[in-house]
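First the structure, in the form of structure tokens, and then the observations on it.
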């Protein structure tokens with residue numbers, strides 16, 4: 001909920017002092033100096049005083065991680081496997097993965113301590129698009145059309161049609177672009193199994209408005225304020 005920045009500063013100073021701090025440029029909202037009378041949402045915007053979060057308020061962090069294969073998308077694992085927590089331990093705050101990528105899958109994984117945004121991106125009602133590059137082997141005849149025609153997974157679980165494009169074929173393998181909205185457990189791997197295809201690589205390259213780009217495997221970066229704002233858009 002948007003509130004005047006002066007009021008948000010009320011927990012640490014008087015209104016007059018807050019106005020003086022704003023006029024002096026000591027307060028920023030999403031990296032820009034706050035203006036008198038400006039409103040901000042503390043759950044969505046990054047509000048800093050002298051470059052630090054307001055006292056009593058945890059700094060909200062948004063990261064894009066390029067998850068490599070061989071890591072579980074949890075903060076701890078009872079089986080002793082590597083977790084994504086190991087890859088972001090130097091970010092300065094405790095963050096959690098938004099959704100999951102299975103153990104052998106790789107690519108874009110959002111991590112944050114913002115529970116509201118996490119709920120918005122994972123709730124089925126919002127139908128957030130996710131795009132994967134999937135390498136498969138097996139019967140490659142009409143492979144994109146066959147995969148796009150899958151409506152039922154093993155066990156009778158129904159799904160909405162995926163958008164599938166054939167990117168390239170080489171050495172008896174096909175690379176496909178697959179976009180889904182639902183994110184059922186291991187959905188793409190199960191779709192491929194329905195078509196008699198074996199998945200040799202599965203990499204998420206896009207989620208909602210974010211692209212993985214050239215971020216190296218195992219590395220992370222902070223999202224820009226503009227990228228965070230775009231994630232809230234329908």
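Quick look at the values:
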item: Span per principal axis, largest first, for the Cα atoms of region 129-207 (Å); result: 33, 26, 18
item: Per residue, the convex hull volume that the Cα atoms of region 37-84 enclose (Å³); result: 129 Å³
item: The chain: projected area of the alpha-carbon convex hull, averaged over directions, in nm²; result: 14.8 nm²
item: Reference-scaled alpha-carbon Rg (2.2 N^0.38 Å with N residues) for region 3-53; result: 0.96
item: Mean ellipticity per residue at 222 nm, deg cm²/dmol - from DSSP H runs of n ≥ 4 across the chain, formula -39500 (n - 2.57); result: -4500 deg cm²/dmol
item: Radius, Kirkwood style, for region 109-155 when every pair of distinct Cα atoms is counted (Å); result: 14.1 Å
item: Mean Cβ count within 10 Å, highest first, over the residues of peptides 172-181, 122-131; result: 172-181, 122-131
item: Fraction in percent of alpha-carbon pairs per bin - 10 Å, region 44-171; result: 10, 29, 31, 20, 7, 3, 0
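Read the figures in this text as sums done on the coordinates, not as results from a lab. These numbers come from a predicted model, not from an experiment. Because the Cβ atoms are built from the backbone with ideal geometry, glycine has one as well, and the counts that use them run over all protein chains shown.
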